[in-house]
Amino acid sequence: MVNTAESHCPRSISDEDRARAQMYQLLGALLSNPPSSELLRGLASLKGDDTPIGSASKNLAALAQRTTPADAEREYNNLFVGLGRGELLPYASYYLTGFLNEKPLANLRSDLMARGIKARDDVKEPEDHMGTLCEIMAGIITGEFVSDSDLPSQKAFFEAHMGKWARLFFTDLEEAQSAIFYTSVGSLGRAFMTVEADAFAIQ
């Protein structure tokens, strides 16, 4: 996604918000394309703790260590591309209505227009792709876009376009038959979206 303003510096954010934005950016990158060798090396160095996110991070690091870029690309294609379609369809419209390019996508496009956010020219997927939504959330948190980036703005976007299906999608990814490396991506995404939803719920 790109900012419609010619120049807009990200706002100064807290360490917590920076970590949240980085998590959204990571999930967006892993869902939008197969991981490169550089990204796999970076993931292999992840540390964790006993929290659900920490445990998922440790598992992701362990799987990244033994996953080659070719293996990751094959798995990504089986999950999201396939012959005609992949095992999963990571779109809000599909999860919320059972069909692609439905009202959730139209609502999202209206919201993006109101926020001054438009798709990059090189992005061919509909905007309600989970990878794109994660990238947008990262941009809202960091103040990349001209729209408000405060917590109410983040909450409004999350609840309107992600909250009703994000955890279900990541659970499906975690349990997908084609998933090996992406099982841990699903676990990480599910744990993170749970924390986000719980945090927004008390705002």
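The values are calculated or read from the model by the stated rules, or taken from the named source; none is laboratory data. A quick note: this is a predicted structure, and the numbers were derived from the prediction, not measured. Just so you know, the surface numbers come from the protein's heavy atoms only, side chains and all, with ligands and any DNA or RNA stripped out. Shrake-Rupley method; radii C 1.70, N 1.55, O 1.52, S 1.80 Å.
List of remarks:
- Value in Å of the Kirkwood radius, where the range 56-96 supplies the Cα pairs that are averaged: 11.7
- Fraction of alpha-carbon pairs over 26 Å apart in the chain - percent: 31
- Heavy-atom accessible surface of the range 3-159, averaged per residue, reaches 53 Å², computed with a 1.4 Å probe.
- Note on the chain: Lys pairs 8 or more places apart or on different chains, Cα atoms under 22 Å apart, count 7.
- Considering all C-alpha pairs of the range 24-71, those separated by over 18 Å amount to 26%.
- Each 10 Å bin from 0 upward holds the following percent of the Cα-Cα pairs of the range 151-203: 28, 45, 22, 5.
- Of the complete DSSP H runs in the chain, those spanning 24 angstrom or more by Cα along the long axis with a mean Kyte-Doolittle score not below -1.0 are 15-32, 181-201.
- Within the chain, helix-based [θ] at 222 nm, where runs of 4 or more DSSP H residues each add -39,500 (n - 2.57), nearest 500: -19500 deg cm²/dmol
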